[in-house]
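One structure below.
The values are calculated or read from the model by the stated rules, or taken from the named source; none is laboratory data. Everything numeric in this text was worked out from a predicted model, so none of it was measured. For neighbour counting, all protein chains shown are included, and Cβ atoms are generated from backbone atoms with ideal geometry for every residue, glycine included. The area values use the complete protein model at the heavy-atom level, side chains included, leaving out ligands, DNA and RNA. Shrake-Rupley method; radii C 1.70, N 1.55, O 1.52, S 1.80 Å.
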Amino acid sequence: MNDYSDIINHPHYEPKNHPRMPRLSRAAQFAPFAALTGYEEVIEKKQEIGDERVILEDEAKSELDRKLGEIIKDPSKLLTITYYDEGNGKGRYRTITGNILRVDKRMEEIIMEDGKRIALIDILNIN
């Protein structure tokens, strides 16, 4: 009775009221899908490794102070500033080129003409 001899030669059942679903449609039922749109991109961003923040030596700090003094005397000069940006939670060194509007000593930051504010402590280099 375990050899299925009673049904082995019967034709495959075909329903009369419901035609068979095409193979492509049947396969689509098992295709993977993204339940959370954008989830993969968020995970990739979280896995990125940020830059390690550099702590400047006293000599480099003195050189930066000297350059800031020159900038205060002539703020119209076009500069390239490399600074540490923690914008998205992972620190990255960024470089910006432009003119400085002013140096705010009270807030300890440089304000660029485009409105960008850079904390003095985050500056790595000024050219």
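Worth pointing out:
- Relative contact order (%) - criterion: Cα under 8 Å, at least six apart; region: the chain: 19 percent
- DSSP-assigned coil residues among trypsin sites (Lys or Arg not before Pro) in region 40-120, each with at most 10 further Cβ atoms within 10 Å: Lys77, Lys105, Arg106
- In this Cβ point-charge picture (+1 for Lys and Arg, -1 for Asp and Glu), the chain has a dipole of about 540 debye about its Cα centre.
- Region 1-69: GluC sites (Glu not before Pro) falling in loop per DSSP and having at most 11 other Cβ within 10 Å: Glu48, Glu52, Glu57
- Oblate is the label for region 55-127, because the ratio a/c of its alpha-carbon gyration tensor axes (a ≥ b ≥ c) is 1.5 or higher and a/b is not greater than b/c.
- Cα→Cβ-extended label distance, 7 Å offset, between Lys73 and Lys45, nm: 4.4 nm
- Using equal-weight Cα scatterers in the Debye expression, the normalised intensity of the chain in log10 at q = 0.13 Å⁻¹ is -0.73.
- Heavy-atom surface of region 24-114, accessible at 1.4 Å and reported per residue (Å²): 80 Å²
- Members of Lys90/Lys116; Lys45/Lys67; Lys46/Lys77; Lys45/Lys77; Lys77/Lys105 lying beyond 28 Å, as alpha-carbon distances in this model show: Lys45/Lys67; Lys46/Lys77; Lys45/Lys77
- 14 Å Cα-Cα reach of Lys73 towards aspartates and glutamates, excluding residues that sit fewer than 8 places from it in its own chain: Asp65, Asp104
- Summarising the label geometry, the points placed 7 Å from Cα in the beta-carbon direction at Tyr13 and Ala27 lie 2.7 nm from one another.
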